[in-house]
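Okay, so here's the structure we're looking at.
The values are calculated or read from the model by the stated rules, or taken from the named source; none is laboratory data. This is a predicted model, so every value here is computed, not measured. Here the Cβ positions follow ideal geometry from the backbone for every residue, glycine too, while neighbour counts run over all protein chains shown.
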C-alpha cells in the first residue's frame, strides 16, 4: 500500500466496455475496495483507440486499461494491438476482461501482448472479487514505469 | 490350346451349345458391333436394359445407345488386344441416361463373323445414384453436425452474457434492498437468483459438450494410472464427504488426449459418487485387454439404473428416473460419450436396479 499512499493523483483506469451493466458492476467493485481510483469509460473500440492515442500525447495516460474482447466496431483485440504498437502508450498494462473462456481468445490476447486475461465470472461475488483483485494487484503489488 | 479351340470348348458342353443360354441369362447387356459400328449381337439383358428388342437392334448403329461418338473412338483407341474397362454414358430407348460399367474386347473376324467389338455392360445407374446420394447425405450430416456444434457454442456464449446480468443484479438487489422487500418480494427474488444459478450451470455444461469436438485435440500416450490419481485428488473432497472407497487396479497406457481422458473418468467417478444408495459408496476401476482394445470398467454399488434409462442417460440433459434428487444438469455422461467416441472407443453401462452399475469404456490398444 505504500506506493498508493504516496500517490497524489488517483489511479486512473480506462475501461473499454460496451455493456453499461458491466461498467456499473466494475464501479461497484471499485467503490467497495476503497482505493483512490478514477474510472473513464469508453463504449466502443474505435473511440478507445482514439482516446488511448490522445492520452499518450497529453501525458495524462491511464494507469491501467480494462479491455473487453467483444465490443462494437473495432474489436478488443484490435484495440490491444494498436495500443501495444504505439510507443506512447505501449507500456500501459492492459487486462483483457471478457465473458469468453475460449482458448483461441486467450491465446490471441497474450500473443498480442495483453498483460493479463481475466474471464468475467458468472457469479456476482466472484466478479466483484476479480475486479478488486485486478485493482489491488496493479495498484498495490506491481511497480509500473514512471511517466 | 488354340484360341479357336478354347472358344469352341466353352460353347460346347457335353454336346450341348450353352453359349446362347448363358448370354441370355446374364443380368448384363451383352452386345457386339462391327468395325463400322453396326450392331451384330444383342442379348436379352440388353433388351431389358436398353428397352430395344433384338430384332430391331440388329443392323442398327451402336450410336443409338452410345450417342457420344468420342466414346466409341476413345474405347477403340485405348484398346489393343487387351480388355478395355471403364464407365460409359448410354441412353435407353426413351433417351434416359444409363451409367454402364463396360468391359470390351476387340476380336478379329472368323468365318461369317466380321471383325467386331464384344462388350458386356453392367447397368450401375441406380448404384451410382445411390452412392452420390449417400455421399451427399454424409456431407450434409457432417455439415449439420458442425453447424449444431458451433451453434451450441455460440448460443451458450451469447446466453452467458445476459444471464450474468440477471444473476448479478438479482444478487445485488438482494444484498442491498432485501430489507425493503416484503415476504413475497424476497421469495420472488430468491427464485430469480436460484433460476439464474441453475441456468448458469446448464450453459457451462452445454459449453463443455460443445467444446469437445469429434476429434481429440492432442493425441499422446496417456497413462491412465496417472489420470485416475489426478482425478481422485481433484475429487478428494467429494470422495471424503461421501465416505466413499475408490480402488483402482493396474490400468493401461492408451493413446488419447490427456485432459479429455481426465474429464471422462472424473465424470464417471463423480456420477458414481452422486448416485449412491444407503450403503457406503464403493467404486472400483479395473481394466481388461480384449484382443486389440482395452476395456475399462467403473463399478459402483449405487442404486443401479432402470433398464429404460441405460441408453438415455448418455443424452445431454437427460437424467435417469431415479436421479431427480441428484445435483447436476445431466451432461457429464454425454460429454464422456462424446470424448470416447472421438477416441474411436465405446461407452455403455450395465446395471440391475438395486445392484449397482458398471460403466464400460473401450479404447483402441495401439
Evaluation of residue B:304 against (1) surrounded by fewer than 16 Cβ atoms within 10 Å (Cβ to Cβ); (2) on the phi > 0 side of the Ramachandran plot (one fails), failing number: (1)
Let me confirm something: among A:16, A:26, which residue is within 14 Å of chain B (Cβ to nearest Cβ) and farther than 30 Å from residue B:218 by Cα? A:26
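Any residue at all in segment B:112-134 that is in contact with a helix residue (DSSP H, G or I) (Cβ under 6 Å, 6 or more places away or on another chain) and either exposed (fewer than 14 other Cβ atoms within 10 Å of the Cβ) or under 22 Å from residue B:20 (Cβ atoms) (or both)? If you could, list the steps in order and put the result at the bottom.
Of the residues in segment B:112-134, the ones in contact with a helix residue (DSSP H, G or I) (Cβ under 6 Å, 6 or more places away or on another chain) are B:123.
Cutting the leftovers down to either exposed (fewer than 14 other Cβ atoms within 10 Å of the Cβ) or under 22 Å from residue B:20 (Cβ atoms) (or both) gives us B:123.
Among the residues of segment B:112-134, at least one is in contact with a helix residue (DSSP H, G or I) (Cβ under 6 Å, 6 or more places away or on another chain) and either exposed (fewer than 14 other Cβ atoms within 10 Å of the Cβ) or under 22 Å from residue B:20 (Cβ atoms) (or both), which makes the answer yes.
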Consider residue B:298 against the criteria (1) modelled with pLDDT under 95; (2) closer than 13 Å to residue B:360 by Cβ: it satisfies all of them except one. Which criterion is unmet? (1)
Considering only segment B:211-218, I want to know if a residue exists there that is within 12 Å of chain A (Cβ to nearest Cβ) and at pLDDT 85 or above. no
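Check segment A:101-113 and report whether any residue there is free of Cβ contacts under 8 Å to residues at least 24 places away in the same chain, surrounded by fewer than 17 Cβ atoms within 10 Å (Cβ to Cβ) and under 14 Å from the mean Cα position of the chain (by Cα).
Of segment A:101-113, the ones free of Cβ contacts under 8 Å to residues at least 24 places away in the same chain are A:101-104, A:106-107, A:110-111.
The next check asks that each one be surrounded by fewer than 17 Cβ atoms within 10 Å (Cβ to Cβ); those that pass are A:101-104, A:107, A:110-111.
Still in the list and also under 14 Å from the mean Cα position of the chain (by Cα): none.
Looking for residues that are free of Cβ contacts under 8 Å to residues at least 24 places away in the same chain, surrounded by fewer than 17 Cβ atoms within 10 Å (Cβ to Cβ) and under 14 Å from the mean Cα position of the chain (by Cα), one finds none in segment A:101-113, hence no.
Yes/no per residue for (1) at pLDDT below 90; (2) farther than 30 Å from residue B:171 by Cα; (3) outside the structural domain of residue B:170 (by TED's automatic domain parsing):
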| position | (1), (2), (3) |
| --- | --- |
| B:182 | no, no, no |
| B:185 | no, no, no |
| B:188 | no, no, no |
| B:191 | no, no, no |
| B:198 | yes, no, no |
| B:204 | yes, no, no |
| B:227 | no, yes, yes |
| B:232 | no, yes, yes |
| B:249 | no, yes, yes |
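For segment B:98-153, give me each residue that is farther than 25 Å from residue B:35 by Cα and more than 25 Å from the chain's Cα centre (by Cα). Quick ask: steps written out before the conclusion?
Step one: filter segment B:98-153 for residues farther than 25 Å from residue B:35 by Cα, giving B:124-153.
Across segment B:98-153, the qualifying residues are B:124, B:125.
Residue under question is residue B:197, and the condition is that it be out of contact with any helix residue (DSSP H, G or I) (no Cβ under 6 Å at 6 or more places or on another chain), within 12 Å of chain A (Cβ to nearest Cβ) and touching a residue at least 60 places away in the same chain (Cβ under 8 Å); does it hold? Walk me through how you get there before you give the answer.
Working: out of contact with any helix residue (DSSP H, G or I) (no Cβ under 6 Å at 6 or more places or on another chain): yes; within 12 Å of chain A (Cβ to nearest Cβ): yes; touching a residue at least 60 places away in the same chain (Cβ under 8 Å): no.
When the stated conditions are applied, residue B:197 does not pass them.
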